[in-house]
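Asker: Supplied in structure tokens, the structure appears directly below.
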Amino acid sequence: MRLAILAMCLVVISCERVSIAPFPLEPCHLDGLAEEVRCGVHEVFEDRVSKSGRRLQIQVAVLPALRRLVDADPLFLFAGGPGQGARGLAGAAARYFKQVRRSRDIVLIDLRGTGGSAPLSCPDAGDDLSLTLDEVTAQVRQCRDALIADARFYTHEESLADVDDIRARLGYRTINLWGGSWGTRAALLYAVRYPDATRTVVLDGAVPLDLDFPRTASADAHAALARLVDDCPRDPACARAFPNAAAVLARLQDDLSGGSVTTTIRHPRSGDLVTVRLQGNLLTEIIRGALYVPRDAAATLQLISHAVDGDYAPLAAQYLRTASWSVDDMALGATYSILCSEDLPRTAGMDFAAAAQGSFFGTAYPDGWRARCRDWSAGRALQTTSNPHSNAPALILSGGHDPVTPPRTGDAMARHFASNWHIVVPGAAHNTSFSGCVPDLIARFIAQGSGADLDSACVNRVVWPAAVTSTAGDRP
């Protein structure tokens, strides 16, 4: 099929593919996608500067356009994390970006260190619900010492150079970019560094360069949690079930101030009754993770209510649910290489306690990242100007309930783009691209190359779910 498309480009002027170097693509199947697509491998040096030593096999997948007449500029997807491989987005891309795919290829690249591209895999806590921070950081050191790879060469500097090589080999002159969560940072940096190759940019859950991660993470998560508490009295069912939601939250905060709680739970996977010492830091992280997804966030007050009554089993179950969409499909070594090279050094002198003052979540999360990065092999810091910007038109998407990249980060991201349109989806949390009419807005933006005529009123029909109040729905 691809040969036919390339041949047609010789006679159709509007299909301006540029054949720079051959990139053989073969039929393949990806998880989450029933249809056959096309896959290939791009080989690079781990150390791109010296061009010597270990070689990496970068995995590439192309979902071919559905129509015979193909637009010259495909859509490249950057996954989040950082540390997630983009090929894992194949099912969602085929379903939600079908309108884009009618006339454009969709390209999925597992960046170096992620997915199938020499992943920097690290052990995580697994089913152990009682690890201390010292034990977690010991796991990070063990991962570092066990790696065959040189973790210094797995930053955006190298990854985006790989991507541009692949763009050229596939014969695309210009491309459209979509980034979700931390993938917005990759999309931003690509647009800045390769302006001639960038046509449009879609950024969902913006991570601007001045985010100062993880300094504000606790305050942002607290704002999302406080919104649930404040909205409860306006929902009759929620008000009846949790008449003193703020007081219950304060009580849980007091319970966790001792550092840990000991309880007997039925293990969410084995089903066995086990007595465990649950670290308070872990419990607050479970709640923070639940806020990312609307259906999980809607059950948060019920989880908290059970916990203050001494029943921590629903929180333990939520822990495994969160892991199923977060660290389970993430190469944590790649996560560390990005964050410990590009973000944590920028916050070296910052006071995390001041930023987290008054937050339910305290400083556990930012302190945890500072501890993890202390012994990681950091690579080069970001090489950017103080306020890099791109002339490519950008569509910026934010969820009104987002606990990690709230609308204010979308406003900050807008400063990086001369032409930008920022749309807030009130009823969404982290990442909005697969909600309601948002896929259609993305398709229209890419087709027009501008957001000037987008009517975004339809996002107001994305409804935040009602709070879970029944015992039948309180266990994730």
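Asker: At a probe size of 1.4 Å, how large is the accessible area of Cys122, to the nearest 10 Å²?
Answerer: The accessible area comes out at roughly 20 Å².
Asker: Here is a follow-up. In Å, what Kirkwood hydrodynamic radius results for region 220-357 from the alpha-carbon pair distances? Present the calculation step by step, with values, prior to reporting the outcome.
Answerer: On the way: mean 1/r = 0.0597 Å⁻¹.
Result for region 220-357 stands at 16.7 Å.
Asker: Could you state the orientation-averaged shadow area of the convex hull built on the Cα atoms of region 368-476, in nm² to one decimal? Present the calculation step by step, with values, prior to reporting the outcome.
Answerer: Values: hull surface 42.7 nm².
Quarter of the Cα hull surface area: 10.7 nm².
Asker: Also, I was wondering about something else. Provide the per residue accessible area, probe 1.4 Å, for region 330-476, rounded to a whole number of square angstrom.
Answerer: Values: 6000 Å² over 147 residues.
Computed with neighbouring chains in place, this is 41 Å² per residue.
Asker: Here's something else I'd like to know. How far, in degrees from 0 to 90, does helix 183-193 lean away from the longest principal axis of the Cα atoms of the chain, to the nearest 10?
Answerer: Helix 183-193 and the main axis of the chain meet at about 40 degrees.
Asker: Given (1) 28.5, 107; (2) 21.5, 70; (3) 22.7, 72, which label gives Rg and Dmax of the Cα atoms in Å as computed from the coordinates?
Answerer: (3)
Asker: Using a 1.4 Å probe on the protein heavy atoms, what percent of the accessible area of the chain belongs to carbon and sulfur? If you can, show how the numbers build up before the last one.
Answerer: Values: 9830 of 19730 Å².
C and S atoms contribute 50 percent here.
Asker: Restricting everything to alpha-carbon atoms, can you work out Rg to Rh for region 392-451 with a Kirkwood hydrodynamic radius?
Answerer: On the way: Rg = 11.2 Å, Rh = 11.6 Å.
Radius of gyration over Kirkwood radius for region 392-451 works out to 0.96.
Asker: With a probe of 1.4 Å, find how much accessible area region 159-302 has per residue, and write the answer as a whole number in Å².
Answerer: Using a 1.4 Å probe on heavy atoms only, each residue of region 159-302 averages 36 Å².
Asker: Suppose we take every Cα in region 195-259 and form the convex hull; what volume per residue is that in Å³? Walk me through the numbers on the way to the answer.
Answerer: On the way: hull volume 9.0 nm³, N = 65.
Considering the Cα atoms of region 195-259, their hull volume per residue is 138 Å³.
Asker: Rank these by accessible area, largest first, 1.4 Å probe: Asp204, Asp164, Asp272. List each step's numbers first, then the result.
Answerer: Numbers: Asp204 0, Asp164 25, Asp272 90 Å².
Result of the area sort, largest leading: Asp272, Asp164, Asp204.
Asker: Now for a different question. Cα extents of region 357-422 along the three principal axes, largest first, in whole Å?
Answerer: For region 357-422, the Cα extents along the three principal axes come out at 39, 33, 16 Å.
Asker: Something else now. DSSP loop (so not H, G, I, E, B), at most 16 other Cβ within 10 Å: list which trypsin sites (Lys or Arg not before Pro) in region 163-208 pass both filters. Intermediate results must be reported in sequence, preceding the final value.
Answerer: Working: sites: Arg167, Arg169, Arg173, Arg185, Arg193, Arg199; in loops: Arg173.
Sites meeting the loop and neighbour criteria: Arg173.
Asker: Right, here's the next one. Based on the Cβ-Cβ distance from Asp231 to Arg48, what FRET efficiency comes out when R0 is 56 Å, to the nearest 0.05? Show your work: numbers first, answer last.
Answerer: Numbers: r = 49 Å, r/R0 = 0.88.
Approximately 0.70, to the nearest 0.05.
Asker: Sticking with this structure for a sec: Can you list the trypsin sites (Lys or Arg not before Pro) in region 357-414 that are in a DSSP coil and have 14 or fewer other beta carbons within 10 angstrom? The partial results should precede the final answer.
Answerer: Numbers: sites: Arg370, Arg372, Arg374, Arg380, Arg408; in loops: Arg380.
Those that pass, being in a loop and sparsely packed, are Arg380.
Asker: Run the quick spin-label model on Phe434 and Gln57: label points 7 Å from Cα toward the beta carbon, then report their separation in nm to one decimal.
Answerer: Going by the 7 Å Cα→Cβ label model, 2.8 nm.
Asker: Compute the length gained on full extension between His389 and Ala348: take 0.36 nm times their separation in residues and subtract their Cα-Cα distance, giving the result in nm to one decimal.
Answerer: Values: separation 41, 0.36 × 41 = 14.76 nm, distance 2.50 nm.
Difference between extended and current length: 12.3 nm.
Asker: While we're looking at this one, here's another question. Summing -39500 (n - 2.57) over the DSSP H runs of n ≥ 4 in the chain and dividing by its residue number, what mean residue ellipticity at 222 nm do you reach, to the nearest 500 deg cm²/dmol?
Answerer: Values: 18 runs with 174 residues, N = 476.
Counting only the DSSP helices, I get -10500 deg cm²/dmol.
Asker: What three numbers, in Å, describe the spread of the alpha carbons of region 52-209 along their principal axes, ordered from the longest?
Answerer: Projected onto the principal axes, the Cα atoms of region 52-209 cover 56, 38, 28 Å.
Asker: What is the helix-to-structure angle for 245-256, meaning the angle in degrees between its Cα long axis and the longest Cα principal axis of the chain, kept from 0 to 90 and rounded to the nearest 10?
Answerer: 80
Asker: Nearest 5 is fine: what % of DSSP beta bridges in the chain come out antiparallel, could you say?
Answerer: Details: 24 of 48 bridges.
Counting DSSP beta bridges with both partners in the chain, the antiparallel share is about 50 percent.
The values are calculated or read from the model by the stated rules, or taken from the named source; none is laboratory data. None of these values were measured; they are calculated from a predicted model. Neighbour counts run over all protein chains shown; Cβ positions are idealised from the backbone, glycine included. Side chains included, ligands, DNA and RNA excluded: accessible areas come from the protein's heavy atoms. Shrake-Rupley method; radii C 1.70, N 1.55, O 1.52, S 1.80 Å.
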